[in-house]
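A.B. asks: Before I ask anything, here is the structure I am working with.
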Amino acid sequence: MIELSADQLPALSRWFAADSPGATALAEHALVSGSARWWADRTVEPRALAVACADHLLLRGEPTALAPIALAPFAAHYVRAPARFLPLLGSAFDLLVPWERMAYVHRVAVSPPRPPHGVTIRRLTPGDAPALTALAADMAWVHASWGSPAGLAASGHGWAAFRKDRVLAVACTYFRGTAYEDIACVTVPEHRRRHLALACVTALCQDIAARGHTPSWSCSRDNRPSRLLAWNAGFRLAHEYVHHLTGQPARRVAGLTV
């Protein structure tokens with residue numbers, strides 16, 4: 001596939017619906033965050049289009065326009081694509097794992113819980129980049145869709161629970177669309193079960209509503225803590241879907257002998 005520059009992108013309205021909650025907001029988010037990459041089978045009148053942000057990928061168009069080797073850059077990605085792409089994905093990678101997902105939409109107003117003594121819930125500012133950088137490596141995914149801790153801190157789309165200068169929990173818009181903003185959140189392990197994430201999510205939801213958008217929430221069917229937090233924050237199930245985690249390029253695709 002050919003990587004596209006911003007001035008080469010086709011009109012996206014026919015490729016990606018803006019009225020569906022969940023990871024489909026990735027395509028619109030890619031236009032504002034500056035942390036995404038686009039590919040097509042050709043630059044003029046493309047037949048297949050891909051957009052990747054963080055470790056998520058959306059595929060649209062006609063899979064017959066692509067050879068398996070064209071997907072090699074998308075190893076270890078979570079892929080959302082129409083079912084017609086599955087044979088191509090299966091040929092392109094040595095592993096293709098389906099993940100059942102649940103997409104929620106914010107429906108019920110919730111009063112924010114009172115934070116513990118000494119903890120402040122507030123919007124992230126550019127000066128908070130070092131505090132986000134200090135989060136454990138396994139929590140770094142929370143700012144991946146903004147490109148870096150500094151990107152999230154400066155975005156105006158994140159809220160956090162602070163004790164002095166330390167971040168204890170973060171909730172942010174992970175993918176911002178024109179209709180929905182899909183939320184992500186993390187809490188430092190030793191500060192869980194103190195309603196810090198709920199307080200951050202509640203503040204963020206009020207922010208999103210003030211922008212005229214609807215908060216959405218996506219998680220694995222097996223992630224009970226995430227589902228419970230979503231429910232307590234006022235989210236209700238909208239639909240279920242499946243995305244696929246890709247492995248490494250198949251050996252025949254990578255040009256190796258089996």
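The values are calculated or read from the model by the stated rules, or taken from the named source; none is laboratory data. Fair warning: this is a prediction, and the values are worked out from it, not measured in the lab. Methodologically, a virtual Cβ is constructed for each residue, glycine included, from the backbone with ideal geometry; neighbour enumeration extends over all protein chains shown. Remember, those area values only see protein heavy atoms, side chains included, never the ligands or the DNA or RNA. Shrake-Rupley method; radii C 1.70, N 1.55, O 1.52, S 1.80 Å.
A.B. asks: So which residue, out of 24, 246, 64, gets the largest mean-square fluctuation from a GNM of the chain using Cα contacts under 10 Å as springs?
C.D. replies: Checking each option, the largest mean-square fluctuation is seen for 64.
A.B. asks: Oh, and also: Counting other C-beta atoms within 10 Å, and keeping those with at most 11, which DSSP coil trypsin sites (Lys or Arg not before Pro) do you find in the stretch 129-198?
C.D. replies: Here the sparse-neighbourhood loop sites are 164, 193.
A.B. asks: Specify the residue with the greatest mean-square fluctuation among 242, 170, 97, computed from a Gaussian network of the chain linking alpha-carbon atoms under 10 Å apart.
C.D. replies: Looking only at 242, 170, 97, the biggest GNM fluctuation is shown by 97.
A.B. asks: In deg cm²/dmol and to the nearest 500, what is the mean residue ellipticity at 222 nm of the chain if only DSSP H runs of at least 4 residues count, each as -39500 (n - 2.57), divided by the residue total? Spell out each step's value before the answer.
C.D. replies: Details: 6 runs with 51 residues, N = 258.
That calculation yields -5500 deg cm²/dmol at 222 nm.
A.B. asks: If you take the Cα Rg of the stretch 75-132 and divide it by 2.2 N^0.38 Å, with N the number of residues, what do you get?
C.D. replies: Compared with the compact-globule rule of thumb, the stretch 75-132 sits at 2.00.
A.B. asks: So for the stretch 149-242, considering every pair of alpha-carbon atoms, how many percent are separated by more than 16 Å?
C.D. replies: 55
A.B. asks: Can you list residues whose amide H is under 5 Å from residue 183's amide H, if they're 5+ apart or on another chain and H is modeled 1.01 Å from N?
C.D. replies: When sequence neighbours closer than 5 places are left aside, the close amide H contacts are 174, 216, 217, 218.
A.B. asks: Here's a follow-up. Sort the stretch 106-191 into rounded, prolate or oblate with this rule: let a ≥ b ≥ c be the square roots of the eigenvalues of the Cα gyration tensor; rounded if a/c is under 1.5, and if a/c is not under 1.5, prolate when a/b is larger than b/c, oblate otherwise.
C.D. replies: The shape class here is oblate.
A.B. asks: Another question, then. Using only alpha carbon pairs under 8 Å that are at least six residues apart, calculate the relative contact order of the chain and give it in whole percent. List each step's numbers first, then the result.
C.D. replies: Numbers: 534 pairs, mean separation 69.7, N = 258.
Contact order relative to length: 27 percent.
A.B. asks: Here is a follow-up. Rank 189, 98, 21 by mean-square fluctuation in a GNM of the chain with C-alpha springs under 10 angstrom and give only the top-ranked residue.
C.D. replies: In this elastic network of the chain, the residue with the biggest mean-square fluctuation among 189, 98, 21 is 189.
A.B. asks: Just in the stretch 72-160: which trypsin sites (Lys or Arg not before Pro) are loop by DSSP and have at most 14 other Cβ atoms within 10 Å?
C.D. replies: Here the sparse-neighbourhood loop sites are 107.
A.B. asks: In Å and on Cα atoms, what radius of gyration and Dmax does the chain show?
C.D. replies: 19.0, 62
A.B. asks: State in Å² the accessible area per residue of the stretch 1-145; use a 1.4 Å probe, count heavy atoms of protein chains only, and round to the nearest integer.
C.D. replies: Here the residues of the stretch 1-145 average 49 Å² of exposed surface.
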